[in-house]
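K.L.:
One structure coming up, written as structure tokens, with questions to follow.
Every read-out reported here was derived from the displayed coordinates using simple, explicitly stated rules and does not represent laboratory data. Predicted model, so just to flag it, every value in this text is computed and none were measured. Ideal geometry is used to build each Cβ from the backbone, glycine not excepted, and the neighbour counts take in all protein chains shown.
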């Protein structure tokens with residue numbers, strides 16, 4: 001019942017299950033696996049697809065011959081396992097060249113190199129089947145606002161995205177872009193810090209129809225925000241092109257925990273939103289196993305991400321079918337249609353009629369809403385007693 005299938009479109013990045021347990025204060029605790037080995041690893045745990053940064057797959061200093069051999073092995077692993085590559089992205093944050101940013105760097109040579117590197121990475125992603133290309137600007141920010149003018153940074157970001165959108169169109173690629181927001185880390189402050197920032201930015205581009213968002217649970221939770229609300233905004237604007245699932249204690253550093261490992265109620269309402277809205281895209285688990293894990297435990301981590309989603313999906317179906325919950329929802333959303341003549345699409349006659357209408361303000365204020373009861377019913381669903 002909780003075993004993944006291809007229809008679930010569960011994916012992991014090479015950098016997720018392949019994470020070697022390094023953190024800012026400690027050296028690796030697991031030996032590195034090669035990309036083609038990670039593909040077989042993901043097939044074993046039941047994943048649908050594998051995503052990658054360019055340098056997860058091909059080291060930044062690889063020779064052309066080494067690149068070709070790595071790609072050949074990777075393609076063979078995909079063929080052997082049936083896994084697909086739905087998404088790719090560029091690493092514009094690890095190499096020292098990007099210490100001041102990539103598209104927003106003050107050095108014009110760095111900005112040009114970032115574009116070049118991204119075009120090559122896009123070519124590789126498309127070669128391997130990717131139809132979504134994610135942009136996370138991990139170094140696009142500052143530690144001091146003395147270093148960069150933020151308006152200039154926005155303009156540089158726009159120029160880069162327009163350049164790359166036109167490159168994709170010029171190549172005839174079937175590719176969409178998804179922008180990923182994060183408030184901070186590794187920079188003190190990162191530009192376009194939330195999904196809402198990204199949605200506003202997209203509308204200023206030359207080809208906004210090509211560009212959507214890739215919101216991540218941990219990134220919004222770092223800032224103490226309600227992730228489900230940000231995803232809802234993206235869905236309502238038809239801009240949810242991809243999604244990163246993980247978990248995170250509010251206000252902490254980027255923890256990238258197993259999906260639903262920390263905030264069960266938040267995870268439940270996120271799954272409910274995705275399922276009820278009919279989201280049909282890939283569900284990417286951008287998370288890491290604990291540093292204490294060996295690779296057997298990493299398998300438990302990966303299976304746990306997928307299993308938790310499917311368990312919560314079943315809880316959503318139970319919530320939607322629960323007669324008591326549905327009765328409460330009907331009560332709090334009751335509408336006898338009496339206001340239809342005054343609201344909805346504007347007209348001068350409606351506005352005039354509404355201005356002259358008398359409301360019983362005291363009665364409106366006295367009405368109670370059984371939200372405590374509704375929330376308790378939700379908790380009981382999650383605790384397995386309903």
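K.L.:
Quote to one decimal, in nm, the extra length available between residue 333 and residue 144 on full extension: 0.36 nm per residue of separation minus the C-alpha distance between them. Present the calculation step by step, with values, prior to reporting the outcome.
P.N.:
Values: separation 189, 0.36 × 189 = 68.04 nm, distance 4.84 nm.
Length gained between residue 333 and residue 144: 63.2 nm.
K.L.:
Using DSSP, restrict attention to beta bridges with both residues in the chain and report what percent are antiparallel, rounded to the nearest 5. The partial results should precede the final answer.
P.N.:
Details: 4 of 29 bridges.
The antiparallel fraction comes to roughly 15 percent.
K.L.:
Related question: Mind checking the angle between helix 64-81 and the chain's longest principal axis? C-alpha axes, 0 to 90 degrees, to the nearest 10.
P.N.:
50 degrees
K.L.:
Give, in nm to one decimal, the length gained when the segment between residue 94 and residue 359 is fully stretched (0.36 nm per residue of separation minus the Cα-Cα distance).
P.N.:
Values: separation 265, 0.36 × 265 = 95.40 nm, distance 6.06 nm.
My answer for the length gained is 89.3 nm.
K.L.:
Output the 0 to 90 degree angle, nearest 10, between the alpha-carbon long axis of helix 264-276 and the longest principal axis computed from the alpha carbons of the chain.
P.N.:
It works out to around 80 degrees.
K.L.:
Let me ask something else. How high is the relative contact order of the chain? Use alpha-carbon pairs under 8 Å, at least six apart in sequence, and give a whole percent.
P.N.:
Numbers: 594 pairs, mean separation 56.8, N = 386.
Rounded, it is 15 percent for the chain.
K.L.:
To the nearest 0.05, how large is the calculated FRET efficiency for residue 324 and residue 80 if R₀ is 56 Å and r is the Cβ-Cβ distance? Numbers along the way, then the final one.
P.N.:
On the way: r = 50 Å, r/R0 = 0.89.
Step by step, r from the Cβ atoms, then E = 0.65.
K.L.:
Extension gain residue 69-residue 203, at 0.36 nm per residue separation less the Cα-Cα distance, in nm?
P.N.:
Working: separation 134, 0.36 × 134 = 48.24 nm, distance 4.07 nm.
Difference between extended and current length: 44.2 nm.
K.L.:
Alpha carbon centre of segment 259-312 versus segment 11-62: separation in Å?
P.N.:
Rounded to whole Å, the Cα centres lie 18 Å apart.
K.L.:
Most mobile of 331, 203, 66 per a Gaussian network model of the chain (Cα springs, under 10 Å)?
P.N.:
Top of the fluctuation ranking is 331.
K.L.:
Give me the Debye-computed log₁₀ of I(q)/I(0) at q = 0.29, 0.30 Å⁻¹ for segment 323-383, equal point scatterers on Cα only, no solvent, two decimals.
P.N.:
Taken in order of the listed q values, log10 I(q)/I(0) reads -1.18, -1.21.
K.L.:
Any chance you could check the Cα centroid distance between segment 120-186 and segment 320-341 for me, in angstrom?
P.N.:
Going from one Cα centre to the other spans 44 Å.
K.L.:
Could you line up 275, 131, 236 from fewest to most neighbouring Cβ atoms inside 10 Å?
P.N.:
Numbers: 275 15, 131 19, 236 11.
Going from sparsest to densest Cβ surroundings: 236, 275, 131.
K.L.:
May I ask what percent, to the nearest 5, of DSSP beta bridges between residues of segment 93-212 are antiparallel? List each step's numbers first, then the result.
P.N.:
Values: 2 of 9 bridges.
Around 20 percent antiparallel, to the nearest 5.
K.L.:
Rounded to the nearest 5, what is the percent of antiparallel bridges among the DSSP beta bridges in segment 129-268? The partial results should precede the final answer.
P.N.:
Numbers: 3 of 13 bridges.
The antiparallel proportion sits near 25 percent.
K.L.:
Where does segment 6-320 land on Rg/Rh, using Cα atoms and the Kirkwood Rh? Walk me through the intermediate numbers first.
P.N.:
Values: Rg = 18.6 Å, Rh = 19.8 Å.
Computed over Cα atoms, the ratio is 0.94.
K.L.:
Still on this structure, please answer the following. Once you keep just the Cα pairs under 8 angstrom separated by 6 or more residues, what percentage relative contact order results for segment 237-386? Present the calculation step by step, with values, prior to reporting the outcome.
P.N.:
Details: 115 pairs, mean separation 32.4, N = 150.
Worked out over segment 237-386, it gives 22 percent.
K.L.:
With springs only between Cα atoms under 10 Å apart, run a GNM on the chain and tell me which of 181, 321, 352 wobbles the most.
P.N.:
Highest fluctuation of the listed residues: 352.
K.L.:
Does anyone have the angle between helix 150-171 and the longest principal axis of the chain? Alpha-carbon axes, 0 to 90°, nearest 10?
P.N.:
The angle comes out at about 70 degrees.
K.L.:
For the chain, set up a Gaussian network in which alpha carbons nearer than 10 Å are linked by springs, and say which option among 13, 188, 281 fluctuates the most.
P.N.:
The residue with the greatest mean-square fluctuation here is 188.
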